[in-house]
Amino acid sequence: MTKKFKSLCVILLIISGCSLHAQTLDSDGDGIPNSIDLDDDNDGIPDCVERGLNAEISDIFKLDGSAVQINNEEIRITAATNYQSGQAWTYGKVNFARSFVLTYDAYLGTDDNGADGLATVFQNSPDGVDASGGAGQGIGAQGIANGIVLEIDTYDNGPVLGDIPNDHGQIWTSADQVNGMLTTAVDLGNIEDGVWHTVVVTWDFPSKTLSYTVSGVLAGSYTFPAANPITSYFGGVSKVYFGYTASTGGAVNEQSIRFTNVCSQLPVDLDTDDDGVVDRLDTDSDKDGCPDALEGSAGVRYNQVHPLTLPTTDPNYAYRGQIKVTFDGSTPGTPSQVISTSTNANGIPQLVNGAGNNYNATSNPSNSAGVMSSPTMTVGQDIGTSKLIAQGDPECSRCFRPAVTIGTAAPTTFGITSLGRAGTANGNWPMKMNGAYAALDAKTKGLVINRLTTAQISAIAVPVAGMMVFDTTLNCLKLYDGSSWNCYTNQTCDDFNQ
């Protein structure tokens with residue numbers, strides 16, 4: 001390894017011709033663009049929650065090698081120990097089919113003669129979040145398949161790697177560090193100074209330019225040509241893992257990363273059902289046919305949500321799965337009337353917000369709490385079972401439509417009641433209850449029918465169509481339809497839910 005030398009010069013870089021295109025997309029039609037909307041699909045579950053970022057660092061990142069969590073804001077990738085290699089990979093993926101910005105702070109140690117550096121890495125390795133790279137000059141990324149490395153290199157390994165004496169930035173392909181250099185080294189001065197340095201990584205999709213800055217200095221920028229797009233480095237995909245790697249060799253430094261707000265700093269997304277629509281835009285994230293809004297933790301009801309099954313001719317077709325009522329739980333509203341415009345709950349339906357986070361000039365100027373607001377979450381609701389395909393919300397399996405929908409049902413002429421209301425002097429009971437031969441009426445007692453095991457039911461020699469028993473094995477009411485016994489578990493369904 002070649003000894004490095006530091007200069008005290010300051011390089012002023014004037015960056016021109018590159019800009020981020022404004023994010024004006026409004027996926028849920030509530031008048032708030034996705035770039036500032038805290039709930040892009042109006043299901044009441046904040047985007048941060050659906051992206052899996054309202055969690056411990058260890059639940060957001062898979063830590064490999066020498067990487068360890070220091071606290072819920074900081075990960076130390078390497079200690080100041082020889083020949084270390086560490087990685088921290090996000091479980092969620094970043095999408096190169098659209099522009100994004102990610103930021104973090106990097107700490108490169110205090111030894112000006114230390115090594116080896118830290119990098120931001122995007123990769124689609126078959127090893128996924130278990131991918132690891134070489135120590136020393138490999139900066140923890142060398143040898144990872146299908147990846148691109150944005151390095152902050154603190155050691156001069158000579159011209160074979162394009163290094164320079166001062167700490168420097170450079171972009172290269174992880175599979176071939178020697179022949180895969182995409183940019184030349186940029187002098188960053190001395191950043192092994194015991195100070196946290198802000199790193200900003202930018203992908204500008206329209207121009208196909210990947211760039212990054214370290215403490216405001218442009219460390220590398222590369223525009224991918226149409227003949228060799230960035231996806232070609234990822235095995236042809238646009239959604240990839242990303243994370244941070246670092247290493248030491250014969251020389252060492254402590255090297256760490258930290259965040260102040262992972263929700264705004266990490267552009268990761270989850271796609272639970274792998275349907276190509278990320279969870280924060282998918283109103284049925286697990287494709288179980290039950291809207292996420294119902295499966296969340298706040299107990300939202302079916303009649304408070306636009307059904308997923310709306311026909312294309314319905315004027316609310318575009319809002320399928322979205323909460324459709326204002327804070328009171330019953331007043332229908334347009335998407336812009338349904339959501340809060342308070343800073344802390346901007347774009348999240350009022351129904352699931354607490355007071356103080358629920359202002360809407362049109363539908364809630366008094367800033368009242370939503371009727372389904374969770375006592376543990378003053379803004380939005382948690383994911384509940386919205387990512388568990390095997391566990392739907394009971395609201396989605398209930399049905400209440402009247403069993404008799406045509407004709408006129410005959411009155412019930414026989415009844416037994418414990419409520420003292422039979423006869424013409426007491427509301428004409430039970431005749432007012434139509435369609436039955438007999439009615440039983442009580443509020444403190446129930447009707448108990450025969451209770452048998454599944455085996456005992458199967459042993460009934462000559463069952464009669466319409467026979468009813470309670471199956472104690474399956475815990476369900478069973479009816480014999482003339483050819484087989486069937487559990488009777490769902491009620492009928494009323495138009496109240498449609």
- Message: Filter region 471-485 down to the residues that are among the aliphatic types (A, V, I, L, M) and at pLDDT 85 or above and list them by number.
- Response: L477, L479
- Among the residues of region 405-449 satisfying the criterion of being among the small types (G, A, S) and in contact with a Phe, Trp or Tyr (Cβ under 6 Å, 6 or more places away or on another chain), which is modelled with the highest pLDDT? A438
- Item | Residue in region 271-287 that is nearest to the chain's Cα centre (by Cα), counting only those that are surrounded by fewer than 20 Cβ atoms within 10 Å (Cβ to Cβ) and closer than 17 Å to I389 by Cα | D271
- Message: Looking at the structure I just gave you, is D204 within 30 Å of T326 (Cα to Cα) and not aromatic (F, W, Y)?
- Response: no
- Message: If a residue counts only when it is touching a Pro at 6+ places or on another chain (Cβ under 8 Å) and under 30 Å from V338 (Cα atoms), which strands (runs of 3 or more DSSP E) contained entirely in region 35-94 have at least 2 such residues?
- Response: none
- Which condition number does D105 fail, the rest of (1) on the phi < 0 side of the Ramachandran plot; (2) surrounded by 20 or more Cβ atoms within 10 Å (Cβ to Cβ) being met? (2)
- Message: Out of V237, V178, I need the residue that is in contact with a helix residue (DSSP H, G or I) (Cβ under 7 Å, 6 or more places away or on another chain), over 23 Å from Y104 (Cα atoms), in contact (Cβ under 8 Å) with a residue 40 or more places away in the chain and not small (G, A, S). Which one?
- Response: V237
- Query: Which one of the conditions (1) surrounded by fewer than 24 Cβ atoms within 10 Å (Cβ to Cβ); (2) on the phi > 0 side of the Ramachandran plot does G117 fail to meet, given that it meets all the rest?
  - Reply: (1)
- Query: Would it be correct to say that N82 is out of contact with any Asp or Glu (no Cβ under 7 Å at 6 or more places or on another chain) and surrounded by fewer than 19 Cβ atoms within 10 Å (Cβ to Cβ)?
  - Reply: yes
- Message: So the check is Cβ under 8 Å with 6+ separation or different chains; which pairs have a first residue in region 279-290 that's over 18 Å from D26 (Cα atoms) and a second one that's assigned to a loop (DSSP other than H, G, I, E, B) and of a type in the set (K, R)?
- Response: S285/K387; D286/K387
- Query: Can you tell me which of G194, G216, G235 is on the phi > 0 side of the Ramachandran plot, surrounded by fewer than 16 Cβ atoms within 10 Å (Cβ to Cβ) and either in contact with a Ser or Thr (Cβ under 6 Å, 6 or more places away or on another chain) or not small (G, A, S) (or both)?
  - Reply: G194
- Please verify whether region 456-469 includes one or more residues that are over 18 Å from G415 (Cβ atoms), hydrophobic (A, V, I, L, M, F, W, C) and assigned to a strand (DSSP E or B). yes
- Message: Could you check region 164-223 and list, in sequence order, the residues that are within 31 Å of the chain's Cα centre (by Cα) and part of a loop (DSSP other than H, G, I, E, B)?
- Response: S174, A175, W196, F205, P206, S207, K208, S215, G216
- Within region 130-152, work out how many residues are modelled with pLDDT under 95 and either hydroxyl-bearing (S, T, Y) or not in a loop (DSSP other than H, G, I, E, B) (or both). 4
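The values are calculated or read from the model by the stated rules, or taken from the named source; none is laboratory data. Note that the coordinates shown come from a computational prediction; the quantities given were computed from them, not determined experimentally. Here Cβ is always computed from backbone atoms with ideal geometry, including for glycine, and neighbour counts include all displayed protein chains.
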